[in-house]
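Visitor: If you scroll down you'll find the structure; I have some questions about it.
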Amino acid sequence: MRMITAIAVVLLAAGLAQAEMQTTTFTDTPNLVIPDSPGGAGTLVTSTMDIALDHYISDIRVYIAVDIDEWSSDLRIWVTSAWQTQVELFFIAEGGEPATDPAGWYPTDFTPHEDMTVWHGEGGGGTWTIAGQDWSQGGGDSVITEWRVEITYDDAVANEATTFGALKALFD
Ligand SMILES: [Ca+2]
């Protein structure tokens, strides 16, 4: 009975803790060149961004800007989180991206190819990776000029990214 009371008090205290939702945007301008494909899968190129944040992801958006003339439908672009969860966002422009110089936010401006909510609950801090590949000959090289990761999190709940990442990996 005493233990049950103690648990109830802890749960009550947790429930009363003030949730303070904050949103922070992390930006990088890699000017990452995606070489035109010689036919089929082209060279896969990657760039990383270190995000300093000791909180869990409650919501997330990703901005991607690509410099390319007319052939964004050749491209695939993936983003991998600090906890190593990869999501394909840009898939041959099927998310509504324009053919020339697509730039905008997933999932608000363009439709992500895969579900971004798989990132919810992960620790936001650590090394994030963007990867790009051209899948059809023609149109020349393209360039990922900028990407941003916008993370919304509860400021009242902190995590230690490395420790919890290792724990989560055990259950994946
Ligand atoms: Ca191409």
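Visitor: Taking the range 55-87 only, how many residues are in a strand (DSSP E or B) and more than 13 Å from Pro102 (Cα to Cα)?
Guide: Counting residues in the range 55-87 that are in a strand (DSSP E or B) and more than 13 Å from Pro102 (Cα to Cα) gives 11.
Visitor: Let me ask something additional. Just the residues that are in contact with a Gly (Cβ under 6 Å, 6 or more places away or on another chain), more than 16 Å from Val149 (Cα to Cα) and away from the ligand (no atom under 13 Å from the Cβ), please, taken from the range 28-76.
Guide: Selection gives Val45 alone.
Visitor: Could I ask something else about it? Within the range 132-151, count every residue that is surrounded by fewer than 21 Cβ atoms within 10 Å (Cβ to Cβ) and more than 16 Å from the ligand (Cβ to nearest atom).
Guide: Total meeting the criteria: 4.
Visitor: Being surrounded by 14 or more Cβ atoms within 10 Å (Cβ to Cβ) and part of a loop (DSSP other than H, G, I, E, B) is the filter here; which residues of the range 100-113 pass it?
Guide: Asp101, Pro102, Pro107, Asp109, Phe110, Pro112, His113, listed by residue number.
Visitor: State which residue pairs qualify: first residue over 12 Å from Ile77 (Cβ atoms) and inside the range 121-147, second residue away from the ligand (no atom under 13 Å from the Cβ) and among the basic types (Lys, Arg) in any location, beta carbons under 8 Å apart, and separation of 6 or more residues or different chains.
Guide: Glu122/Lys168
Visitor: Turning to a different aspect of this structure: So which of Ile68, Ile77 is under 19 Å from the mean Cα position of the chain (by Cα) and either at pLDDT 95 or above or within 27 Å of Gly124 (Cα to Cα) (or both)? Spell out the reasoning first.
Guide: Working: Ile68 fails: under 19 Å from the mean Cα position of the chain (by Cα).
Being under 19 Å from the mean Cα position of the chain (by Cα) and either at pLDDT 95 or above or within 27 Å of Gly124 (Cα to Cα) (or both) holds for just one of Ile68, Ile77, which is Ile77.
Visitor: Oh, and also: For Ile130, state whether it is within 20 Å of Ile34 (Cα to Cα), in contact with a strand residue (DSSP E or B) (Cβ under 8 Å, 6 or more places away or on another chain) and at pLDDT 95 or above. Quick ask: steps written out before the conclusion?
Guide: Numbers: within 20 Å of Ile34 (Cα to Cα): yes; in contact with a strand residue (DSSP E or B) (Cβ under 8 Å, 6 or more places away or on another chain): yes; at pLDDT 95 or above: yes.
Against the criterion (within 20 Å of Ile34 (Cα to Cα), in contact with a strand residue (DSSP E or B) (Cβ under 8 Å, 6 or more places away or on another chain) and at pLDDT 95 or above), Ile130 qualifies.
Visitor: Just to be sure before I move on: is Val79 closer than 13 Å to Val149 by Cα and either surrounded by 15 or more Cβ atoms within 10 Å (Cβ to Cβ) or within 16 Å of the ligand (Cβ to nearest atom) (or both) in the structure I sent? Please lay out each step first, then the result.
Guide: Details: closer than 13 Å to Val149 by Cα: yes; either surrounded by 15 or more Cβ atoms within 10 Å (Cβ to Cβ) or within 16 Å of the ligand (Cβ to nearest atom) (or both): yes.
Answer is yes for this residue.
Visitor: Of all residues in the range 17-43, which are of a type in the set (A, V, I, L, M), in contact with a Phe, Trp or Tyr (Cβ under 9 Å, 6 or more places away or on another chain) and not in a strand (DSSP E or B)?
Guide: Ala41
Visitor: If you don't mind, another one. Can you list residue pairs whose Cβ atoms sit under 9 Å apart, with the first residue in the range 17-42 being under 18 Å from Thr129 (Cα atoms) and the second being loosely packed, with under 11 Cβ neighbours inside 10 Å and aliphatic (A, V, I, L, M)? Count only pairs 6 or more apart in sequence or on different chains.
Guide: What qualifies is Phe26/Ala52.
The values are calculated or read from the model by the stated rules, or taken from the named source; none is laboratory data. All figures in this text were calculated on a predicted structure; none of them were measured in a lab. Cβ: placed from backbone, ideal geometry, glycine included. Neighbour counts: every protein chain shown.
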